[in-house]
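One structure is given below, encoded as structure tokens.
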Amino acid sequence: MSKRYLVLISRIFIVLLGVAALLFFANVCAYVYLRPALPDVESLREVKLQVPLRIYTRDGRLMASVGEQRRIPVRYDQLPPQLVEAFLATEDDRFFRHHGVDWQGILRAALANARAGGIRQGASTITMQVARDMFLTPRRDLKRKISEVYIALLMESEFTKEEIFSLYVNKIFLGQRAYGVAAAAEVYFGKTLDQLNLAEMATLAGLPSAPSAINPVADPAAATTRRAHVLGRMLELGYITRPEYEAAKAYPMESRLHGPAIEVDAPYVAEMVRSEMQTKYGDAIYTAGYRVYTTLDSQLQLAATVALRTGLLEYDRRHGWRGATAKIDPGALGTPASIDEALEDIPLVGGLRPAVVLRVEEKSARIYIKGVGPVNLPWEKIAWARRQLSDSARDRAPQRVADVMAVGDVIYTVGSTPDRLQFVQVPQAQSALVSIDPHDGAVVALVGGFDYYQSKFNRVTQARRQPGSSFKPFLYAAAFEKGFTPASVLLDAPIVLDATGSEQAWRPKDNEGDFFGPMRLRDALAHSRNLVTIRLLRDIGVEYARDYVTRFGFEKSQVPDDMTIALGTAEATPLQMVTGYAVFANGGFRVTPYWIDRVEDPNGKVLEQAHAPVACFECAAARAAAAAPAGAAPLAAPATAPVAPTVTATAANGTGPVVMPAVARIDAGIAGLDSGRFDGHTLETVAELAPQVLKPQVSYLIADMLADVIRRGTGVRARVLNRDDIAGKTGTTNDQHDAWFSGFNAGLVTTVWTGFDVARSLGAGEEGAHAALPTWIYFMHDALAAMPRRPVAVPDGIVTARISPDTGLLAGADDPNAIMEKFMEGSLPKAGSDQNPANRNRMNDGDKPLF
């Protein structure tokens, strides 16, 4: 080699070395200049993604997701390998081989852009994209680009590739309010990541470049083109085979939005939770990723929803057909696509699907159901539809289909299969159902109306209505504290109550208009006799009764200051009524209803855990005995206390243990209440006791009398459940404006109300036994299916004696008509004489002002 060449090579080397030194110096200077402004990448370990509030049942089933951004954080090991490859193919195929900056990619992009005469290909790696999205502004300039490089290099030195990729797929915006791949899978396909096919994965991987413009909902054609590009890159890189490529490319593009994968329909409770959480934590609940586990039982909530809707549909059908919901021009019914378009604005309501009549025959109709298609509707499904004339009157029965509907009429249907299909209408009446555990007040099921999205008014918590006769047990309990017994006899006969100075006298009566003369209180409550209750209230005093009922959780201001409270003219919500009846179910304790069991942060840390005061008579007796002076008589504990074993299992989403009854297991095919959650409590295991507001003996006697309501009184329909451990009371207000039923056993208390939001009559014959009790029966049939017999426990201090059914007095040994009755110790009637001052059969009741 000549000396000339050596000089040339040395000069080139010196120049390159100088350039390298210059670049190094420039790099150092740039780093020194930018370093103060560069973020601490270690902070990424504490990054808080905006995750919506998610609300679950106590057994871990999703009820609601509340927040502006839809995001479901996932770990790297939860990502399907093909999904990872799809993103690598389109965004950064050398991700696992470079150190944050892909110099080969930069060179390749520079050459491609030079050939194209403009920017056609980017060189940002996935790490650089994370750096940009997490730390930098969208501004495009040299300083930002250099900062992006430095941050990427710093990230690669602090995090594994898997950690960086997880940040990327959880943070990235993919259109339609979806942030992260898991949320996008749910939004566009209604699936979890493990359910996606190759075509769907490629669709998601194609979104980052223009998520708002080329997503499947905004532009299915553009999404299909972009998916083909991703699949082509995967084929080119050897990630998929040619047959896989062809099959995925030909796969139809789904182009509709999907909601969160809601597993349990409980929107009224979800709103109660959202409101309570916002009060405690503010607007952070929408982004901080809180997880709230409620007290709801998923199976009981489903049973409650079905029961309430069934009861309302049956009520509605009894009152006739009001006509088509809307009318569609028959000319718009040519093709399925045109029919779907015509039905697009007709909503689903409470599980009812809208349909349009396509053809009418003499005894059948051809209808098109939204989301289902064309179906034949036979005459037996239509024949019920007599025209409604008023709340209590219907027209003659229809003779042919044309008497009911015509082509183009929009009607509603319910039923999942043709053989179960029913022709119905959206009810105008409303209903509410709430069920709680009497041991601590946990709400296990709550439905505030027929359809939350039709009416967000929560009738369980917001509707104050008159409870009618279902209020009577509280007054009877007040009377028992004053010496009355189930055997006390009062007169069931007309009464005139005249207030001083009033122009009109009040002449209360029973719905039936008949009178039975002297009646024992047990019979009077079973048959809901108004006039007996009025005399009972007169004897104990209105003011005493108003004060007494506050023990059950009612406010005194809700109770009128007059004798009408004997007929249930107080105003109460269904939640207050179920709370009051829980006192009879648990032995005299007032529990406080609650619906949030625990709150967790995104990492599973428990922020709050409910510790509700518990009804536990044995605990109360033990504490009282410990605090009592030597020689004092102990409190009387229940003689029986059945215990159901429990098992501990893991919640469906793997977040923690859930206590379930051994009899119910965790089986989607078995309904039943967690009936043993609070059995077997001891003084040591109960942190706080619920206040005891009734003597256990008074509580038991009322519960026993309410069992007679079902055995032989106004609630006799409930005998269809074939349970001997249930009790309850009907309630009806004037002109049938409100219908109620509240009932229980020792493990579950449920209240049902039915009426109109704007008060009007439910119609003749629509008392509590007819308009509310069927819903209660439907629910309790499922709720008690897996619950063993749970009668209210009999406390010490209850005695049984033979009495005369006519006088309520102790019967002689030779009385063939004697019956058995229960009393508190010390309150037995005397043989042959009046058993207490209240046992007065007076005919003259107008001797003093009563208002």
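Annotations
- Full-extension gain in nm, Phe756 to Asp796, via 0.36 nm per residue minus C-alpha separation: 10.0 nm
- Spacing of the two label points (7 Å from each Cα toward its C-beta) at Asp735 and Asp814, in nm: 5.8 nm
- The alpha carbon radius of gyration of the stretch 196-251, expressed as a multiple of 2.2 N^0.38 Å, is 1.05.
- Split the accessible area of the stretch 268-388 by element, probe 1.4 Å, and carbon with sulfur accounts for 51%.
- Measuring nothing but protein heavy atoms, the accessible surface of the stretch 780-825 at 1.4 Å probe radius is 52 percent carbon and sulfur.
- Over all distinct Cα-Cα pairs of the stretch 394-437, the Kirkwood formula returns a hydrodynamic radius of 14.0 Å.
- Heavy-atom accessible area with a 1.4 Å probe sorts Asp283, Asp725, largest first, into Asp283, Asp725.
- Heavy atoms of Asp345: accessible area, 1.4 Å probe, square angstrom to 10: 140 Å²
- Value in Å of the Kirkwood radius, where the stretch 205-331 supplies the Cα pairs that are averaged: 20.5 Å
- Accessible area per residue in Å² at 1.4 Å probe, computed on the stretch 697-782: 29 Å²
- Projected onto its three principal axes, the C-alpha set of the stretch 702-842 covers 52, 42, 25 Å, listed from the longest axis down.
- Put Lys605, Lys729 in order of accessible area, highest first, and with a 1.4 Å probe you get Lys605, Lys729.
- Which of Thr325, Thr485 is most accessible, then next, and so on - probe 1.4 Å: Thr325, Thr485
- When its C-alpha radius of gyration is set against 2.2 N^0.38 Å (N residues), the stretch 346-393 gives a value of 1.35.
- Cα-derived Rg over Rh, computed across the stretch 396-480 with Rh taken as Kirkwood radius: 1.16
- Percent of Cα pairs in the stretch 407-532 per distance bin of 5 Å, from zero to the largest separation: 2, 7, 11, 11, 12, 12, 11, 11, 9, 6, 4, 2, 1, 0.
- Heavy-atom accessible surface of the stretch 469-608: percent carbon and sulfur, 1.4 Å: 46 percent
- Accessible area per residue in Å² at 1.4 Å probe, computed on the stretch 299-341: 45 Å²
- Summing charges over neighbours of Ala610, with a neighbour being any other residue whose Cβ is under 9 Å away from its Cβ, gives -2 when K and R count +1 and D and E count -1.
- Here the extension length gained between Glu163 and Phe96 equals 22.9 nm, from 0.36 nm per residue of separation less the Cα-Cα distance.
The values are calculated or read from the model by the stated rules, or taken from the named source; none is laboratory data. Remember, it's a predicted structure, so these values are computed and weren't measured experimentally. Virtual Cβ from ideal backbone geometry, glycine too; neighbours counted across all protein chains shown. Heavy atoms of the whole protein, side chains included, go into the accessibility calculation; ligands, DNA and RNA do not. Shrake-Rupley method; radii C 1.70, N 1.55, O 1.52, S 1.80 Å.
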